[in-house]
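Since the structure comes first, as structure tokens, the remarks are kept for the end.
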Amino acid sequence: MTGRWGKIGAFSGERLMGTRAMGLVKWLFVFAALCAASAWSQGYPSKPVKIIVPFPPGGTTDVVGRVVAQHLAENLGQQVVLENRGGAGGTVGAEVAARATPDGYTLFFASTSTLSISPNLYRKVPYDPRTSFAPVSLVASAPMFVTVNSNVAATTLRQLIEMAKQRPGELHYSSSGNGTPVHIGTELFKSLAGVNLVHVPYRGGGPALQAVMAGDVQVMVNSLAVVLPQIQSGRLRALAVTSTARDRELPDVPTVAEAGLPGFLFNLWNGLVAPAGTPPEIIARLNGALLKAIASQSMIQALSRQGLQAMGNTPEQFGAFIASELTLWEKLIRESGAKVDN
């Protein structure tokens, strides 16, 4: 028996030594790969960086994305280009970005729509907002403005609500697509005000803006980045801002609470993310370059002119923010009763 157990023990010992050796080799390969990745990332970026914007040109996300690209390029010392990939409330572009090679050369300019609303509104989206992306930093935040075509008789929010109640189903509002903040925000407005406005979705903020300016629809809820030039030109009339304080760009426009509709409060946000699996060294490089840009007076002023507040945080803080926004918008969508139009 001793011989048998001795043989078995010897065999087990040999196999154990072999397993340990194989494990050591495996970890040596892992260590070598990490060293190679670290060395490679130190030279990042060595070619142009692409940021996918999931909406057509002209909307808030596109406008802010171009500001970010310009300032990020200056700090990275490399060209940064935008690629507009619109469709399905931003989910088309988000899927393309999520499936991109995680090497830091394809980034995604995320928004309230893509990482907060669409995952709560659609039954299924082709990415997970918590796991498909590596957060870099929050970039900007902005309130929304309730606007009407200048030919609409209503000059106050209360008058618009009364008009909508007297003409149920006759007034229309435009949005930048199903599941976007403009869509959900206006549905929340409808619910709180007790009115029936007909939703007309468009493929992006630009076409939605053109529709309300042309008078094809009467109402649009959107950010200052989109509506300010049209308000200043007299084509649109701002009735209220969805924040707790008036905006300094339009100080004569009351808050929704001042205009008689307390509770209608929400902000848009934008931030930069990379595909999941992007090396931490690259995320840190991007975060540092982006925070430097956000702290610059030129970017602060550029965002302020669009009615946006410059924001910045760590990747970990941005990840926690995304999770909290998912919870918030789940509640807003449920309370508004909003549904995706088919």
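Does Phe189 count as over 20 Å from the mean Cα position of the chain (by Cα), in contact (Cβ under 8 Å) with a residue 40 or more places away in the chain and crowded, with 24+ Cβ neighbours inside 10 Å? Yes; evaluated as a whole, the condition is true for this residue. For the stretch 133-164, how many residues are buried (at least 23 other Cβ atoms within 10 Å of the Cβ) and β-branched (Val, Ile, Thr)? So the count comes out to 5. In the condition set (1) assigned to a loop (DSSP other than H, G, I, E, B); (2) out of contact with any His (no Cβ under 6 Å at 6 or more places or on another chain); (3) not acidic (Asp, Glu), Asn222 is compliant with all but (1).
Every listed requirement among (1) free of Cβ contacts under 8 Å to residues at least 24 places away in the same chain; (2) over 23 Å from Asp62 (Cα atoms); (3) not acidic (Asp, Glu) is met by Ser233 save one, (2). Residues of the stretch 265-309 that are β-branched (Val, Ile, Thr) and farther than 20 Å from Ser141 by Cβ: Thr278, Ile282, Ile283. The residues of the stretch 43-68 that are closer than 14 Å to Gly271 by Cβ and either assigned by TED's automatic domain parsing to the domain that holds Asn222 or in contact with a strand residue (DSSP E or B) (Cβ under 8 Å, 6 or more places away or on another chain) (or both), listed by number, are Ile51, Ile52, Val53, Pro54, Thr60, Thr61, Val64, Gly65, Val68. Across the stretch 304-320, the number of residues qualifying as in a loop (DSSP other than H, G, I, E, B) and either more than 17 Å from Ser111 (Cβ to Cβ) or among the acidic types (Asp, Glu) (or both) comes to 2. Considering the stretch 84-110, and only residues there that are assigned to a helix (DSSP H, G or I) and of a type in the set (Val, Ile, Thr), the residue that is modelled with the highest pLDDT turns out to be Val96. Checked against the criteria, Leu268 counts as assigned to a strand (DSSP E or B), hydrophobic (A, V, I, L, M, F, W, C) and either on the phi < 0 side of the Ramachandran plot or surrounded by fewer than 21 Cβ atoms within 10 Å (Cβ to Cβ) (or both). Picking from residues in the stretch 225-243 that are under 22 Å from the mean Cα position of the chain (by Cα) and assigned to a loop (DSSP other than H, G, I, E, B), the one that is modelled with the lowest pLDDT is Ser243. Screening the candidates Arg123, Arg85, Arg130 for the property of being surrounded by fewer than 22 Cβ atoms within 10 Å (Cβ to Cβ), more than 14 Å from the chain's Cα centre (by Cα) and assigned by TED's automatic domain parsing to the domain that holds Glu325 yields one hit, Arg123. Residue count for the stretch 73-82 satisfying the condition of being in contact with a Gly (Cβ under 6 Å, 6 or more places away or on another chain) and either closer than 19 Å to Ser298 by Cα or not assigned by TED's automatic domain parsing to the domain that holds Ala284 (or both): 0.
The values are calculated or read from the model by the stated rules, or taken from the named source; none is laboratory data. Only a predicted model underlies this, so the values are computations on that prediction, with no experimental measurement involved. Note that we place each Cβ from the backbone using ideal geometry, even for glycine, and neighbour counts take in every protein chain shown.
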